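Q: A single structure is presented below for examination.
The values are calculated or read from the model by the stated rules, or taken from the named source; none is laboratory data. What you are looking at is a predicted structure, and each value in this text was computed from that prediction instead of being measured. Glycine also receives a Cβ, built like all others from the backbone with ideal geometry; neighbour counts cover every protein chain displayed.
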Amino acid sequence: MSATARKTAPMPEDIRARKGGVPLVSLTAYTTPMAQFMDAHCDFVLVGDSVGMVLHGLPSTLGVTMEMMILHGQAVRRGLSRAMMVVDMPFGSYEAGPEEAFRNAARLMSETGAGAVKLEGGVAMAPTIAFLVARGVPVMAHVGLTPQSINTLGGYKVQGRGDAAAALMADARAVTSAGAFAVVLEKVPAALADRVTAEVGIPTIGIGASAGCDGQILVVDDMLGLFTAFRPKFVKRYATLGEQAEAAVAAYAEEVRARAFPGPEHVFAETAGGKS
């Protein structure tokens, strides 16, 4: 391979091999332009079912459909050439049993070009993860706060505190044994996230967990400050694009009402000799 050849996207086994190494970088993406922005900087990009809340205004991720995930997966795939793409399996697409999970996972991968799927759940989902992996579907697991289970968890609460730590540790061990190549730890106490990271043999990807995890992921709209009111404790804003966007819209509206826009430079002359 020449020194100028384009870097190929990592495979799930490449992600697994990063355990204990340089931290993995990931963000969510739902559109082609956003995927293009992050392609050179992320090891993998997640098409998250958070798209339902972020782009479609749903109150939770429970209303997200396979069709929505495929549509956004296809859009993100067009924007990536260097990062691996992982697509979330939406609520109701895998819980009924391994066979249904395989059918839906196969559809997601074949119609989007994803390198892997992600599903939520630990001990209960381990047999399904093993079934998928045995049939050629790489799986990223997700334990701790699992948003698709928000109604049974009683809200977006920190998971694994006190006596619940043992159950969370069991979940992480179960998905590892089942063959997941990485596991997302969401909203888990830092000390517990460090224990999980030390004890399981696959990379841990933190979101509201610990800097000691093997990687980190955030919802891109959160870290860019596109939401002016919503700000989880675990999100660091690297920009305030929401405020800038609102200010730009306000300036546009003011100029339109004052007939200051469009100006002479934005309109066309009657003759071909005029400015085009």
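Q: Given the conditions (1) farther than 27 Å from Cys42 by Cα; (2) touching a Pro at 6+ places or on another chain (Cβ under 6 Å); (3) outside any helix (DSSP H, G or I); (4) not basic (Lys, Arg), report the number of the one that Gly155 does not fulfil.
A: Failing condition for Gly155: (2).
Q: One residue is enough: does segment 98-107 have a residue meeting the conditions touching a Gly at 6+ places or on another chain (Cβ under 8 Å), surrounded by fewer than 21 Cβ atoms within 10 Å (Cβ to Cβ) and farther than 22 Å from Pro10 by Cβ?
A: Quick first cut of segment 98-107, residues touching a Gly at 6+ places or on another chain (Cβ under 8 Å) only: none.
So far as segment 98-107 goes, no, none of its residues is touching a Gly at 6+ places or on another chain (Cβ under 8 Å), surrounded by fewer than 21 Cβ atoms within 10 Å (Cβ to Cβ) and farther than 22 Å from Pro10 by Cβ.
Residues are listed down the side, and each one gets a yes or a no for (1) in a strand (DSSP E or B); (2) over 23 Å from Val235 (Cβ atoms); (3) aromatic (Phe, Trp, Tyr):
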position: Glu13; (1), (2), (3): no, yes, no
position: Pro33; (1), (2), (3): no, no, no
position: Gln36; (1), (2), (3): no, no, no
position: Cys42; (1), (2), (3): no, no, no
position: Leu46; (1), (2), (3): yes, no, no
position: His72; (1), (2), (3): no, no, no
position: Val87; (1), (2), (3): yes, no, no
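Q: Which residues, counting only those in segment 234-272, are of a type outside the set (Asp, Glu) and either within 30 Å of Tyr156 (Cα to Cα) or assigned by TED's automatic domain parsing to the domain that holds Ala193 (or both)? First the steps, then the outcome.
A: Step one: of segment 234-272, the residues of a type outside the set (Asp, Glu) are 234-242, 244-245, 247-253, 256-264, 266-269, 271-272.
Across segment 234-272, the qualifying residues are Phe234, Val235, Lys236, Arg237, Tyr238, Ala239, Thr240, Leu241, Gly242, Gln244, Ala245.
Q: May I ask you to verify whether Met140 is out of contact with any Leu (no Cβ under 6 Å at 6 or more places or on another chain), outside any helix (DSSP H, G or I) and either buried (at least 22 other Cβ atoms within 10 Å of the Cβ) or of a type in the set (A, V, I, L, M) (or both)?
A: Details: out of contact with any Leu (no Cβ under 6 Å at 6 or more places or on another chain): yes; outside any helix (DSSP H, G or I): yes; either buried (at least 22 other Cβ atoms within 10 Å of the Cβ) or of a type in the set (A, V, I, L, M) (or both): yes.
Here the answer is yes, as Met140 does meet what is asked.
Q: Could you figure out which of (1) closer than 16 Å to Thr32 by Cβ; (2) surrounded by fewer than 20 Cβ atoms within 10 Å (Cβ to Cβ) isn't true of Leu80?
A: So Leu80 meets the others, but not (2).
Q: List pairs: first in segment 121-137 and under 18 Å from Leu108 (Cβ atoms), second at pLDDT below 95 and not in a loop (DSSP other than H, G, I, E, B), Cβ under 8 Å, 6+ apart or cross-chain?
A: Gly121/Ser149
Q: Also, I was wondering about something else. Could you list all residues from segment 37-70 that are more than 15 Å from the chain's Cα centre (by Cα) and either basic (Lys, Arg) or within 22 Å of Glu111 (Cα to Cα) (or both)?
A: His56, Leu62, Gly63, Thr65, Met66, Glu67
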